[in-house]
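Here is the structure we will look at, set down as structure tokens.
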Amino acid sequence: MSSWAPPAKIEDLYAKASGNKWAGINRPTAGARDETAAEVGAADIQLYSLATPNGWKVGILLEELGVEYNAHTVNIMKGDQFSKGFVGVNPNSKIPCAVDRKGGKDGSTEVHLFESASIMLYFADKFKKFVPPTDDTVARAELMNWLFWQMAGQGPMTGNFGHFFTYAPADKCEARDYGASRYGMEVQRLCSVLDQHLETRPYILGEEYSIADMACFPWFHQIVREEGYKIETNNACNFLSSTQYKNLMVWYEKILARPAVQKGMKVCGW
């Protein structure tokens, strides 16, 4: 069996990634690509997002909080996230991001927010809802455990699976087999982790619905719903047997039924 012999520099491989859905916007450098300013509404909170699993998280929270905000749709396929205005809020050029124009102790500081869990934690703490109080160190640690689990594991691994299963070039069959199996198995393991955790409690932190549930729900939704990751002949739910996780499905259906969740997933729609 021949072994892989990479070129001296990664740049020599860039062309190999052509043909995937994101090839037109992927670059190895950060920063603004045009001078377009960010749209700004009248509310104190400005949300810049798109209705993807990461975008759903913040839309769901803001709807659950019932606070006033302006939502601005960011078309990531057109590269809106690389505008000067967007980069000014989030130098990482990823959705979602937000601005609180009345942040700080006296409400006089403009706060820029990026990374979905950071945004959720900020607003949950600000409005003192869906989050343990800061002086409850035990409950707070459990919250952080699951938020970090979601951000470091569930979200990225599910997204990596989705890339190989749905978006990778059609002719890269061996690469797609490897990626779909490698990341698909890890997604199943992560589902098993959460399924076992939910065996003895209704919500991730116990009896109370929290931002941990809101953060984990969207990425499971992406591999359960028919409109989630799919190809012409199959979908992620069938491929991964996503409904096998009985405790997880009970939790999922309970959250999906919440009016604010349904409304939040429509925020910044495609």
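The values are calculated or read from the model by the stated rules, or taken from the named source; none is laboratory data. Model, not experiment: these values are computed from the prediction. Glycine gets a Cβ as well: all are built from the backbone with ideal geometry, and neighbour counts include every protein chain shown. Side chains included, ligands, DNA and RNA excluded: accessible areas come from the protein's heavy atoms. Shrake-Rupley method; radii C 1.70, N 1.55, O 1.52, S 1.80 Å.
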Are any of the residues in region 192-205 over 17 Å from the mean Cα position of the chain (by Cα), within 14 Å of ALA236 (Cβ to Cβ) and surrounded by 14 or more Cβ atoms within 10 Å (Cβ to Cβ)? no
List every residue pair whose Cβ atoms sit under 8 Å apart, with the two residues 6 or more apart in sequence or on different chains, where the first one lies in region 85-100 and is aromatic (Phe, Trp, Tyr) and the second, anywhere, is surrounded by 24 or more Cβ atoms within 10 Å (Cβ to Cβ) and modelled with pLDDT of 95 or more. PHE86/TYR48; PHE86/VAL74; PHE86/CYS97
Evaluate region 132-140: report whether one residue or more is open to solvent by less than 30 Å² (accessible area, probe 1.4 Å), of a type outside the set (Ser, Thr, Tyr), under 18 Å from the mean Cα position of the chain (by Cα) and closer than 21 Å to TYR203 by Cβ. no
Determine, yes or no, whether LYS84 is modelled with pLDDT of 95 or more and either out of contact with any helix residue (DSSP H, G or I) (no Cβ under 9 Å at 6 or more places or on another chain) or open to solvent by 60 Å² or more (accessible area, probe 1.4 Å) (or both). yes
Out of PHE164, PHE220, I need the residue that is under 29 Å from TRP270 (Cα atoms), at pLDDT 95 or above, among the aromatic types (Phe, Trp, Tyr) and open to solvent by 20 Å² or more (accessible area, probe 1.4 Å). Which one? PHE164
Here are GLU64, GLU35, GLU11, GLU68: which of them is open to solvent by 20 Å² or more (accessible area, probe 1.4 Å), within 20 Å of GLU115 (Cα to Cα) and either of a type outside the set (Lys, Arg) or touching a Pro at 6+ places or on another chain (Cβ under 7 Å) (or both)? GLU64
What is the residue count in region 201-225 for residues that are closer than 18 Å to ASN54 by Cα and of a type in the set (Asp, Glu)? 1
Which helices (runs of 4 or more DSSP H) does region 42-153 wholly contain that include 2 or more residues that are hydroxyl-bearing (Ser, Thr, Tyr)? 116-127
Going through (1) touching a helix residue (DSSP H, G or I) at 6+ places or on another chain (Cβ under 8 Å); (2) assigned to a loop (DSSP other than H, G, I, E, B); (3) open to solvent by 40 Å² or more (accessible area, probe 1.4 Å) one by one, ILE25 fails only at (3)
